[in-house]
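Let me begin by presenting the structure, written as structure tokens, before commenting on it.
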Amino acid sequence: MKNASLRQLQVFEAVARHLSFTRAAEELYTTQPTVSIQLKQLTDIVGQPLLEQVGKKIYLTDTGRELLKVCREIFDGLDRFGMLVSDMKGVKAGKLRLTIITTAKYFVPRLLGLFCQRYPGIDVSLKVTNRERVLQRMADNVDDLYVLGQPPEHMDVEFESFLENPLVVLAERNHPLAAKKHIPPQRLEEEQFLMREPGSGTRLATEQFFREHGLKLKVRMDLGSNEAIKQAVAGGLGIAVLSAHTLALERSIDDLIILDVDGFPIRRQWYLAYPRDKQLSVVAQAFLEFLHAESKLLGEKYLRGITGFPAQDRAAKKK
């Protein structure tokens, strides 16, 4: 392996991550034949196959998986060194790789915008996906930090709460319960619910609420996005439990209303997570410090603008 070049390792890491020669070539701004040549040379140096092809699909061999871990350690180390040098010069520079669950897309980009204004030398890579894929990327140690609504219980991770994530009951404006106050949770048993896919953080919290109150949850439909759920609620297909942040960017929610159900909003938090044994980069540390300093104020600002949801007032009145 002493004869392997950094470029060959870079090519292999891109192919292994995408499991595609074409996408790796596009990412590296080179041609597919060049990628194939570099990979063949690296395979000859290693002396064992790194990839295997079954039909049209590419898979990593055991050797390939081990080499991918080494490549990531090398590239992470080089990134940390570059950021450390910049930090020594008094300039925050480098790259932040962040993966978030879909609901977090309503506020994380704004926080990133402010962060990048403060540190213009930092490049940000943002991946938005569902909870299952976020956990998989965390297990593979692909990114610097991850944003979730519920920390994983089966993974050895560090996590820090940084922003309130209240869950509310959403219905269409003319729903029979729209004008009711202090609706008992038992009344929700009569309603049909529109839910995110099994395993999502919002769904897990909703199911837990029903279990704790000894109630039966009637699921009419599973939908893959918050936008689809809001449209279905507005169309009268059922009611839903969603994060209040999903309403924060609405210009108008005239077709929707937040029901005044006892026990809601469910008080949850947004969490920033990363593998416990991971050494955070200088940039990741800077982002953590930024969130702790800015997120609470920004969160209150966003939630205060949600029609029909006085974020703190309602909870205070119920105490």
CD proxy at 222 nm, helix term only [per DSSP H run n ≥ 4: -39500 (n - 2.57); per residue of the chain; nearest 500]: -13000 deg cm²/dmol
Under 14 Å from the Cα of Lys105 - aspartates and glutamates, other chains or at least 8 residues apart: Glu227, Glu250
Positive-end residue of Gly236, Ala273, Gly47, charge dipole of the chain with Cβ unit charges: Gly236
In order through region 146-151: 3J(HN,Hα) via Karplus (6.51 cos²θ - 1.76 cosθ + 1.60), integer Hz, x for Gly, Pro: 9, 10, 9, x, 8, x
Around Leu204: net Lys/Arg minus Asp/Glu count, Cβ-Cβ under 13 Å: 0
Proximal aspartates and glutamates relative to Lys278, as straight alpha-carbon distance under 12 Å, when same-chain residues fewer than 8 apart are discounted: Glu73, Asp76, Asp140, Asp143, Asp144, Asp156, Glu158
13 Å beta-carbon shell around Asp62, net charge (K/R +1, D/E -1): 0
Cβ-Cβ FRET estimate between Val46 and Phe81, R0 fixed at 30 Å, reported to 0.05: 0.75
Pair Ser125, Arg220: separation of 7 Å Cα→Cβ label points (nm): 4.2
Antiparallel DSSP beta bridges within region 1-144, percent to nearest 5: 35
Restricting region 79-173 to trypsin sites (Lys or Arg not before Pro) in coil, as DSSP defines it, with at most 15 other Cβ within 10 Å: Lys89, Arg173
Glu197 paired with Gln53, simple spin-label distance in nm, labels 7 Å along Cα-to-beta-carbon: 2.9
Proximal charge balance of Asp277 [Cβ under 10 Å; K/R count +1, D/E count -1]: 0
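Determine the relative contact order of region 167-266: mean sequence separation of Cα pairs under 8 Å and six or more apart, normalised by residue count, in whole percent. Write down the numbers at each step before the final one.
Values: 162 pairs, mean separation 52.2, N = 100.
Over region 167-266, the number comes to 52 percent.
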Kyte-Doolittle mean at least -1.0, axial Cα span of 20 Å or more - DSSP H helices of the chain: 32-46, 62-88, 282-304
Charge dipole (debye, nearest 20) of region 167-266; +1 at Cβ of Lys and Arg, -1 at Cβ of Asp and Glu: 100
Relative packing of peptides 35-42, 214-221, 9-16 - highest average C-beta neighbours within 10 Å first: 9-16, 35-42, 214-221
Rounded to 5, the percent of DSSP beta bridges in the chain classed as antiparallel: 60
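Read-outs: derived from the displayed coordinates by stated rules, not from any lab. Just so it is clear, the model here is predicted, and its values are computed rather than measured. Heads up, the Cβs are rebuilt from the backbone with ideal geometry, glycines too, and the neighbour counts pull from every protein chain shown.
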